[in-house]
Amino acid sequence: MPIPSRVDRIMSVFPSSRLLPIVRLRLGLGMWLIAWCVFLSEALADDPTARLRDDWGLAKIASGNVWLVPAEFRLQFRLDELQPLERRILTLQQSLEQLATQNRILWETNQQRIDALRRTLAETETDDPQKRKIEKQIRDLEQRAVAPEDLFATPVVRQRLIELTNLRLRVQSIVMEARALHAEMQGQYARLATDSALTGALDRLGSDHRIGPMRQGYRNDLKRLQQFERLVTTDWLPVFRQSDRIRVGGLLEDRIPVMFSWHKSHEPTVLTANMVEAAGVVIPDDAPSVMLTLAGRRLTTRRIPIRSLRFGGTHLKDIPVLVLPADAEDLGAWIGPDAFGEYHVQLDPPRLRLLITDPDKTPAAGS
C-alpha cells in the first residue's frame, strides 16, 4: 500500500470539488443567521416595549397603556376571587342555620308524638292489628328528623359543612396573600419611580403610556379585605362528624388548609409529613423523636415547632407539633383543647359549631 505524500495529506483536509457547493451554502446560511441574530438583538435592545417587559418585568393592561408590576397583576387576580366566595359562604351559612333550626323544631315535635305513640303501643294487645301501624308511625317519625347533636353527621349537612370550611379557609388565605401582595406592589413601584431608564422607555412609547398602579392606593380594596376577613375570622368554626371523627379546619402557616380530627382528651397536636412539607417547614435532623399511640397504632414521630396555626379569629403561634412518619399519612392531622392554651374551647354540635372564646375578650356577636 503506497504511503501518501505530504501534498496528498494536505489536500485531504479540503472538501472535494463535489462538496464545495454544499459547504458554500452552509457557510452562507451560517453568516446570514449570525447577521440576523445581531440585527434582532439590536432591534430588541432598542424596542422600549421589549425592555419594559424583559428588563423590568412589566406588563401592559389589555385595554389601555398602563404598565403594571407583577405583584399588582397577582393582587387583582386575588381580589377578583373574593366576591363570589363571599356570596357562597353567606348562602351556605344561612342554609345550615335554617336546617339546624328546622330539624330541632321537627325533632322536638316528633319526640312528643313518638312518646304518645309509645304509650299507646304499650297499652295495645300483642295480637291487636293496630300494633304494626303504630310501630310504622314511630319509625316514620324517627326518620323525618335526627337528634340535634347528630345533625352534623348526616351526609347532606356534612357535605355543606365541608364546603363551608374549605371556603372560609380559602378566603382567609387570600386576604393575607392580598395584603402581602399590596405591600410588595408598593415596594416595586417605589423602586421604579427613580429609574430614569424606565422613564425614558415610557416616553419613547408616547405620552399616554404610564406606569401603574391601576387604582391609586387600593384604599377601597383594603377596606373590602377587612369585611372579608371579619366574615371568616369568627370565634366559632364549622364542625362536622365523619367516620366517627369530629373534624374542624385550620390554616397552617397562613396558607395551607388542613382538616383536623378532634382529640376529645388531652393529646398532642399532630400533622402529616406532607402537610409540613407543603407549608415549607423543614424538619431539622436533630428534631426529637417521640413515641405516639394514635388510632391504635404505635408510631415514631418528630417534634417540631410550627410558627402559625389559625382557626377562624384564633391565632396559635409557635406551637409544638408531632409529625407523623410517611407510612402513617392516612391518619391525618389531629388537634385538641390543649393546643389552645388559655382559650376556652367548646363543641356545640346542635349548632354545627366549635366555639373558641378568648378569656381576655368579650365574645363576638353571633357566637
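Things to note:
- Qualifying residue in segment 193-212 (condition: touching an Asp or Glu at 6+ places or on another chain (Cβ under 6 Å) and under 27 Å from Arg87 (Cβ atoms)): no
- Filter pass, Ile114 being free of Cβ contacts under 8 Å to residues at least 40 places away in the same chain, in the same structural domain as Ala193 (by TED's automatic domain parsing) and surrounded by 14 or more Cβ atoms within 10 Å (Cβ to Cβ): yes
- Among residues of segment 334-353 being in contact (Cβ under 8 Å) with a residue 60 or more places away in the chain and more than 21 Å from Ala100 (Cα to Cα), the one that is surrounded by the most Cβ atoms within 10 Å (Cβ to Cβ) is Ile335.
- Scanning segment 56-100 for residues that are β-branched (Val, Ile, Thr) and either surrounded by fewer than 19 Cβ atoms within 10 Å (Cβ to Cβ) or part of a loop (DSSP other than H, G, I, E, B) (or both) returns Ile61, Val66, Val69, Thr91.
- Residue among Arg168, Arg179 that alone is of a type in the set (D, E, K, R), in a helix (DSSP H, G or I) and out of contact with any helix residue (DSSP H, G or I) (no Cβ under 6 Å at 6 or more places or on another chain): Arg179
- Qualifying residue in segment 210-222 (condition: assigned by TED's automatic domain parsing to the domain that holds Trp334, at negative phi and either of a type in the set (Asp, Glu) or surrounded by fewer than 16 Cβ atoms within 10 Å (Cβ to Cβ) (or both)): no
- Only listed residue being assigned to a helix (DSSP H, G or I), among the aliphatic types (A, V, I, L, M), modelled with pLDDT under 90 and surrounded by 15 or more Cβ atoms within 10 Å (Cβ to Cβ), chosen from Ile138, Ile162: Ile138
- Taking the criterion of being outside any helix (DSSP H, G or I) and of a type in the set (S, T, N, Q), the residues of segment 109-135 that qualify are Thr124, Thr126.
- Filter result for Pro155 (surrounded by 13 or more Cβ atoms within 10 Å (Cβ to Cβ) and farther than 30 Å from Gly217 by Cβ): no
Okay, residues lined up against (1) in contact with a Phe, Trp or Tyr (Cβ under 9 Å, 6 or more places away or on another chain); (2) modelled with pLDDT of 95 or more:
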site	(1), (2)
Gln111	no, no
Ala122	no, no
Lys133	no, no
Val157	yes, yes
Asn166	no, yes
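The values are calculated or read from the model by the stated rules, or taken from the named source; none is laboratory data. As the structure is a computational prediction, the values presented were derived from the model and not from experiment. FYI the Cβ positions are ideal-geometry reconstructions off the backbone, even for glycines, and counts take in every protein chain you see.
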